[in-house]
Every structure is written in C-alpha cells, then in structure tokens.
Amino acid sequence: MMAEILQQLIEENSKVPKEVIDVLLVQFLKKRQDENRAAHQMAVDVCNSTMTIMQKYVCQYFSEIIVESSRELNREGSAGDVQLENLQNAHYLILELFKTAPGLLQNVIPQIEEELFVDHVDVRTIATQVVGEMFSLRGYVLTKRYEGTWESWKRRRNDKAVAVRIKWVEKAVEMLAMQTQLVKELEDGIIEKLEDVDEKVRKAACEAFSRLELTKNAQIGISKKMVQALSERCKDRRVLPRSEACQAISHIYEGVYSEIEAGDPAVIEKFSEIPAALMKLYFVDQKDITCNVEAALYTKIFGLSSVKDDDKRAMRLVRILTYCDKKAMIGFSGLLKRQGDLVAEVQVMLKFAEMLHKKTTRAREHKESTSGSGGEEEEEDGDSNDVLDAKLEESINRVSAYFPEPLKFANGLSVLLKQKDKDSDKNKDSDMALLAHCGRLRKMMDVSSDYKSIRKEQKEFMRRVCEDSPTIIDTMAMLVRSISLACINKSIIIPLVKIVQKKTNYSVMSRSQGGGSGVSSGLISRNNSSSNIISYSQGSVLGTATATATIAGTTAVTSVPNAAQNLLLLVMKIQPRMFVAHTESLLTLFEDPDIISDQEAEDNLYMISLFSRTYPSQLGYSDKFHRTLSEYVKTGTIKMAKYAATILSTSKKYADYNGENGSLEQLVDEVIDLLLGSAGYSDAKQCKVLLASLSRFVTYKQGVFDTNRLDELAFELFGFLEGRESSRLQMNIIKQEMEVDRNEEELEESIRRKEKAGKTSDANGDKDGWIDRYSLPDAEICKILAIKVLVNRCYSYNNKIKSTESILDEGRKTLFMLRKYTQQQDQLGTQDNTSDDSSSVFKDHLRLTSAACMLKLCRQSRYDQMVVLSDILDLALIVQDPNYNVRFQFVTKKLVESLSALRIKPKFVPLLFFAAYEPEAELRDLIERFIQVTMMDINSKLIKVMASAPTTEDTANSNMFNGIMEYSLIGLLILLTYHPDWDANGQQQQQQQQQEREEESGGNDEPQVDNLTIIKIFSKYIEFYINNVVNAENISLVYFYAMMMKTYRDRYLGYIEPVPQLQPHGLPEYHGSGNYQKSRFIFY
C-alpha cells in the first residue's frame, strides 16, 4: 500500500526532490539491506514501477558524484582517500541497483563506459571491476544491448596499468562460471593474461582459477586450452605465479573428479590429464616446483585428506594413473624415489638429534647430581657434543638441500631439533617435545604404518609445532608432506591386489577423439593392451609405460587392472618392505593360473620376483604356486620362465624345498635334459624358454648345477653359437625348422607373426624397422639367450664352484666370443646366410646383447682386467651405431646406469663423448644432462672423499683422484686416435695409394679428405667434452692433462719402440691376454 502511494506521488509530480532520490537509493546499500529488509524491498518496488521517470534522476545523481570525485582526483593528481571512497561507494550502489532494478541504469552504463578510458588508474580499475560484475550477472543479454560497452571492457585486458589488467582477468574468470555463452570471446584474453609480461597479472589470473567454484557451468566454461595454459604456468619463471598455478590446477581437478569418476566424457577430455601435467614437472628439476607438485598431488589430486576409505583411495589413485602417459609415470616414480631418498636423510638427521639429546641430558643430570659435592666430571663415551652437533648440522644441511630456500629450511629444522639452553631446568619440557617430534616423524616414514596412523601423527605433529614454534609451521608442513607415506602405504596393497584380480567394481571412461561420446561400454581387455615396465636397474626408479586401445572410435588409456599392476610394481621397486605383511595376497594372484592371461602372469611374476630377491626368506610357500612356477620354467613364455626361475632360485623356501614337487636340483637337471634333447624332442620354441630359465638359474643359484653338467651345457651352447653341426641344440633347432617348412599352416603362422611384428614396428614410428627381441624368429632368440646363459655363468662363478684359474679361462673364452659378435658386424646372420630384414635386425640385437654383456662382465675386476683397448673402442663404436635403437638402449639402459651406480670403472666414461655426432636431439640431450648433472656430481663427491681419506701409497701420486671427468680427456683422445675415421697410422700409405690411383685414372677421381678436414671433424668431440665438463674451476686441471699427453709416446705403433717406463705413477701397467694387442693407453 505504501509503495503504491509513493509510486503515485512520483508519477504526479513534475519534479522529484533530491532528498527523495537520496532516501530511495540509500536503501540499496548493503548495510541498510541487512538492517531493514522491508524498506529495501519497498524501494525496489517503487524504483521498478517508476523506472521511466526515475532514470534521469538516477543518472543525474551518479553523474554528480562521478564527475565531482573524478575532478578532485585529477586535481590532486593522486587518489585521495575521501574522493576514492566516494567513488567506490557510488559504483557499489550501481551494482546493487543493477541486481534488483537494472532498468534505472540505462543512462548510467554509458557513463561508466567512459570511465574505462580516463587517465586516472584508480578510476579505470573501479570501472573495470563494476562493468565486469555487471556482465557476470547478465552477460549475454547485456552484451547484446550494450555492445560498445562490452567491446570497450574487453579492450581493458591490454591496459597499460597492471591493476586494471588484474581486475579484468579476475572478472573474466568469474564469467566462466556464470556466462558460458561468453567463453569463446573470453578464452583468448584469459590465456593471454596467464602469459602476461607482468608476474602480478599472471599470479592474479591463477588465483582467480583457485577461487572459482567448479559448478557445471564452470566445467563447461573452462576450455582445454585454458587448462594447458594454466599447466604451463606451473613452471613459470617466477616463484609466486607457479605456486598459485599449481594450487589452481589442483583445485580444478579436485572439483571435477566426481564427474571423472562418473565417466563424463567432456570432463575427462578436458581435465583428465591434469595429474599427468603435474607429474611431468618433476623433470624441470627445480626444488620449489617439486614441492609445489607434491603439495598439489598429496593434498588435492589424490584426495589423501578427504578420502578415508582405503579401497576408494586406492581406486582414485589407480584411476588417476590410467590417464598418465609414460613420461608422467616416470615423473611420478621419480617423486616417490625422491621421497625415499629424503626419508633416508631424515632418518640419519633424527638419529644424530637423539644422540645429541641423550648425551646432553646425561651430562646435565650428572652435573646436577654432583653440584656442590666437588665430584669429577663424567668421562664422555663416543663422540663429543661438538662432534655430534657438527654431524647434526651437516645432516640438517643435506635435508635442507631438497627444499627451496635451504638456509631458511635449515634454520627451521635447527629450531625443532636443537636445544638452546642445555643447562636450564626449563629445558626438560623441550627434551620431551624433541623426542616426541622425532617419534612422530619416524612413524610417518615407517613402511609398517597404515594410513590412519600416519594421518594421526601428521595432525598431532603439526598441532604441537603450531603451539611450540609457530614461526616454522610452513617449513614443517613442507617437510611432513614430503616424507609422510600417506600416499603409498601398506593400507592400499590389498585393495590394489583386488583391482588386479578384477574383484573390484570400477569403470574408466576414455578420452573422446571426436565423433563419439567417448564412453567405453566395458573394460579394456588386458590381452588387447600392454604394460611395458622400463626398469633402469635393480635399485633405480621404475618407469611405467601406458598403452592405448581403440574402442568404438575412442582412444582409451591404460585399463584399471593394468594401472593397478603398474602401481604395485612401482611400490615393489621403491618400498618392497610394504609387502612383507601381504605375501599371502601376492600368492592369491595365482589362485587359478588357467584363467589369467600371459601378460597378467608375466606382470605378477615380475612383481613377486622383485620381492623374492629383496626379502628371500619372507615369501610364503604354496604347493600350488610351486607347481605353477615349475611349469612356467618349462612351458611358459620367455618372461614367465625368467621370473619363475628367479623366484625358485632366490626364495629360500622354494630353493631349499625337497618334497613331492621335487627339488630345485631335479628341476634344473630336467631343464638341461629337455634343452639338449636327452628327455625327448625339444623344438626352438621350447628351447628359448628353457634357455631363459637357465640364464636365471645360473645367475642366482649356480650351486644347484652339477659342475660336469654345467660344463657340458656350456660346450653345447658354444657349439650352437659357432654353428657346429654336432651340437645337440643345433640339431634340435634344424630339425624343428625342417618340420615347420613341411607344415604349411605353421609356416603361414610364422609369416603372419613376422608381418605383425613389422606392422607394429611401423605403427610405432620406428624408422629403423626395429623389432622387439622376442618377436624375432625362435632360432635367433635362442642365440641371444645362449649368450646370456654363458655370460651369467661366468658372472656368477665363485671359488667354491671352480678354481680361480678355471674361472679366468672361462672368462677369456666368453670374452673372445663377445668380441667376435661386437666387432664382426657384417659377418653375422642366420644359419643359411640370408639377408632378409629379420636377419638385419638380428645382427643389431646380437651386437647390442654382446656389448651389454661385455659391460656387465666389466663390473667384476677379474674380467675387467681382460678387457683391452680394442674392446673399449668397439664399445665406443656401439655409441655411434647406425641403428638408433642399438645406440639408445646401450647408452641409456647399460652405460648410463652402470656409470651412475659406479658399477664399472671410470675408463668407460670417455664412451659418453662419442655422442658428439648423435643425430637424434633427444638422446644427445639426455647424455649431456647425464654428464653435466649426474657424472659431474659424482666427480665432485669422489674428489671430496679422496681429499678427506688418508693418503696411501696407491693414491699418493695418482692423478685420477683429482677428478675422473677431467682425467677422462686422456681416454677420449687416445680412443679418437684409433677411431676408424682417423687411422693416423695409415696416412702415408693412403697418400701413396691415392697418388697411384690418380696416375692411373688421369686425376679424375673424387678428391680425398685431407688431414685438416679430419682434424675439423674430430674437433667436435673435443668441443663436446669442453661444453659438458670444463668450467672455471677445473679448466687448469684439464689443460694440465692435455699438456701431459705431449710427454708420452704410443708404445705399440710400428715405428716407435715400446717405452714401458713412461707408465704414470699410481696406474699399474695392464697386461693383456689372448691374440688381442695390449692396451697402449695409460688410462686403461
């Protein structure tokens, strides 16, 4: 009734008093809305009913305020508090009117548009914010009505003022959740601001995504390009933007995970790769980025704080990993490996802290008990307080090196672990607190702790730190997040095993490739996908490669069982002790071996074999599993046979078994009989399985072999490799090939298998036509496995089996065989000397296997002493092999791993520099990073160790201990002089031959490469060495070694007499053996 009266009064008067306008508009203020809602509603009703009349008064009202405030601001030249506050209140009132009575602002909006172009930054900032709010509330309708205002507002994204750009991007991101029709117009601008030149704008853009509520509209509004741009900000060049970006992208994933879990194809397409993008940041190798990734993964992505149920948490982790590619999985495993290394350092730090605490407490108690009695001081046992304090300080510094701002982090750890007032009675409470802190940290890192206990200790630890030392709360939060086993712990082992056994209900949607819904009606069969486990070494990080399978026009990522299997293998690699309490669950994977596929059996056996090798006495015994293993050894696939033999050899309960299932000795004899044909006919297909089993038996349990039978086996294998027709193994394989030729069906199957292998290779984009080792013909696989058996036999010899002289003789014979296969690259082939593609690939595999085996034997000094210069040169040429796959696998899986683990001597370091002419940038960059990071780090550590070690007669004059990387220059130079492209010894003869050819041909031959060109070619090797090794600290040492080379002569050149007395001090002269020339190089 009152509203109607006011409406009539306004309509009947020709002029509305200013006081009435003030009274009406003041009701729209937020404060008045809360105080008197009825008055606010009445004002809304009156304004909406008298809209046409009130428009000019409202416009005049705001014009006066805006013009006056702007005039004052321009006059003062800066934003005065009163004027700026008036301007802000006016614009705030405009927003409130826009929400409830937008019709009143028809003439006001153009005025605000004009403010977007004024010179004063604060005015433009306020106008940008208000206009952005308006478009957020009524975006699509308003943009059509005020197109000019909309275009003017969009142009503010390029404003010269940072504050304006910040307000623009904040409001633009808000519109994504409220006005999905405007997404296309805003997308480019938002991405542009994520890449703005000013870090404040980039930070604000990321923060805007962190505040965004992930409603259905927001999920539609955020495009995949935005997600990718936000992911790139995680490795921003500035600290704050990349920290905010990690928080933002994890916030987005947490908000959409329920839709991913439900299988929404649109959401999966845009957001499923967020965890993978975060995991790949591990390769950036910056401490703060790594910590940001840990915070994002552990707090939001994996749901460790929100998901309490073990099964749901395990399934969430597995589902995330199904959308991770190979690089992401390696990054994830790297994060877990970093956690393991950090846990080891923290354990040492806590040990020193507790030792120092106990010693200090005991000294204080002794002092109190003898105070005033004149008693003697207690004699110290072990290290003194100063020594322990120094060790603790060093340990703190090592832990702090894992985190950004290590000095600040070290100070925080010192506050936590060190006692300030060691003689004060008040310190007794801090003593108890220190022990409690250490105990809680240990429980967080204990692999026997379950998820609930870890979370409990985390909360209690942070609560106590917040009470005792609030200044270090951020430091301790970072430490707890990095070392706690909240993600991977024993609580998820059984749920993962259930997923592998397909006893858990789940569904995984695939990423749509267009044209379809992207919904997979069922699970991807494990038989239609693969799971390649890339194992760098027994103690290194596990990388897991995912595969794809096409279903109804959709590319699906790795299936849930495969992802769970890969995760179990990853845990087994990094934290095998978690499985100690779950060995029975591992054996349940083979409850019914007939229904599981070969791929499943191989993955499960590999995992169990890793556990068996780590904890030989912990694996439980099962008659059924024992029989299954014995069967796999004889009739399984190659991988099944290898892993089954490993379990039988390394597990104490299976290796020592002597019951109804037969002993291991009997099984080995049976395998040898089958291989040699003594127990019946054995074709090449079974021979390769038997050889795979024997390669593991001779490695882990050579003692079960009868010495004579083992020598007989070796004789037959050598004969088989040499092509001796009298070899029983050779006769079996020839017999099998003849039967296959007579059997058309088997022949066609063999052809189809080869064609399939070739298509697979082409599909993988392998320009070298590379075929996997186990896709070769059976006879060729047998040759490769025979080499492995012979090498592993030598590698595992001990004096209990044979005498030292016999072992060395066998080693010489094996090395002679490896030399032949490594050197004679053009004389190897199949038995009938065919030159088809499979034979070419076989040569490559044989060359790679021989080089890898030679490197393996060099791990032991007894065989390393037999390696001569020509062997090192042959291995160096493998680094330059024409086949990329041979180069890549030899360098990355053999040479790099062996050097980083210090398994081989430094004389193999020069091989790395033969990659100077590597045509593939990926491999060359990998080698350069390895040299610059890993090897140079090892180099500096060895120098420190040798500097602190006591001087001995052997090390007193040895130059190598000044640095293996610097000393490797000598080895590189000597190897280069014997490189086939150099051939300095034959230059004179070549010149004479060239002159004779020119005389015969009349001088029309193609010009020969002169010496200067050769030197230019070989200078690139030196440049490669200098770029990766030489720095300001070691350049003088490198120069010294280069000059030292000028004082030596080659002992084995034909025109120079041997000069044995020039052997440098500390490096004993090597005495070679066999028909190969002795090393003439001082490095070896």
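The values are calculated or read from the model by the stated rules, or taken from the named source; none is laboratory data. This is a predicted model, so every value here is computed, not measured. Counting neighbours? That spans all protein chains shown, and the Cβs are built from the backbone with ideal geometry, glycine included. Heavy atoms of the whole protein, side chains included, go into the accessibility calculation; ligands, DNA and RNA do not. Shrake-Rupley method; radii C 1.70, N 1.55, O 1.52, S 1.80 Å.
Cross-link partners among lysines for K31, C-alpha distance below 29 Å, same-chain residues fewer than 8 apart left out?
Counting by Cα, and skipping residues close in sequence, K31 has these lysines nearby: K15, K18, K56, K99, K167, K171.
Taking a 22 Å limit on the Cα-Cα distance, which of the listed pairs K216/K498; K639/K894; K312/K624 fall beyond it? Mind dumping the intermediate values first?
On the way: K216/K498 33 Å; K639/K894 20 Å; K312/K624 32 Å.
Cα-Cα > 22 Å for K216/K498; K312/K624; rest within.
Please give the contour-minus-distance gain from K351 to L29: 0.36 nm per residue of separation, less the Cα-Cα distance, rounded to one decimal in nm.
Working: separation 322, 0.36 × 322 = 115.92 nm, distance 6.29 nm.
Length gained, K351 through L29: 109.6 nm.
Tell me, what ³J(HN,Hα) does each residue in the stretch 51-56 have, in order and in whole Hz, if you take phi through Karplus 6.51 cos²θ - 1.76 cosθ + 1.60 with θ = phi - 60° and put x for Gly and Pro?
Karplus values, whole Hz, x for Gly and Pro: 4, 5, 7, 6, 4, 6.
Report the gain in length on full extension from E631 to D22: 0.36 nm times residue separation, minus Cα-Cα distance, nm rounded to one decimal.
The span from E631 to D22 would gain 209.8 nm if fully extended.
For the stretch 191-197, what does the Karplus curve 6.51 cos²θ - 1.76 cosθ + 1.60, with θ = phi - 60°, yield as ³J(HN,Hα) per residue in whole Hz, taken in order and with x for Gly and Pro?
Taking θ as phi minus 60°, the curve returns 4, 4, 6, 5, 10, 4, 6 Hz for the stretch 191-197.
Largest first, please: the extent of the C-alpha atoms of the stretch 67-223 along each principal axis, to the nearest Å.
Dimensions of the stretch 67-223 along the principal axes of its Cα atoms: 45, 38, 24 Å.
Go ahead and run the numbers for FRET between D450 and K1020, Cβ-Cβ distance against an R0 of 41 Å, rounding to 0.05.
Efficiency at R0 = 41 Å is approximately 0.10.
Which order do peptides 96-106, 686-696 fall in by mean Cβ count within 10 Å, highest first?
686-696, 96-106
Anything over 29 Å Cα to Cα? Flag those among K452/K573; K490/K653; K235/K443, in the order listed.
Table pairs above 29 Å Cα-Cα are K235/K443.
At 1.4 Å probe radius, can you tell me the per residue accessible area of the stretch 162-219 in Å²?
Ligands and nucleic acids excluded, the result is 40 Å² per residue.
If I take R0 = 22 Å and measure r between the Cβ atoms of K216 and R37 in this structure, what FRET efficiency does the formula 1/(1 + (r/R0)^6) give, to the nearest 0.05?
With a Förster radius of 22 Å, E is 0.10.
Between V121 and A1042, what length in nm is gained on full extension when 0.36 nm per residue of separation is reduced by their alpha carbon distance?
So the extension gain works out to 325.2 nm.
So, in nm, how far is label K15 from label M51 when the simple model puts each one 7 Å beyond its Cα toward the Cβ?
For the pair K15/M51, the computed spacing is 2.7 nm.
Calculate one ³J(HN,Hα) per residue across the stretch 1016-1030 by plugging θ = phi - 60° into the Karplus curve 6.51 cos²θ - 1.76 cosθ + 1.60, and present them in order as whole Hz with x for glycine and proline.
Coupling constants for the stretch 1016-1030: 5, 5, 7, 5, 5, 5, 5, 5, 4, 5, 5, 5, 9, 10, 6 Hz.
Given the C-alpha atoms of the stretch 20-144, compute the convex hull and give its volume per residue in Å³.
104 Å³
Of K893/K944; K200/K225; K788/K893; K280/K326; K688/K820, which pairs sit farther than 19 Å apart, going by alpha carbon to alpha carbon?
Distance filter (> 19 Å) returns K893/K944; K200/K225; K688/K820.
One quarter of the convex hull surface, Cα atoms only: what value does that give for the stretch 237-348 in nm²?
Numbers: hull surface 30.8 nm².
So the mean shadow area of the Cα hull is 7.7 nm².
Can you pull the one-decimal nm distance between simple spin-label points at K225 and V415, each 7 Å off the Cα toward Cβ?
Result: 4.6 nm between the two label points.
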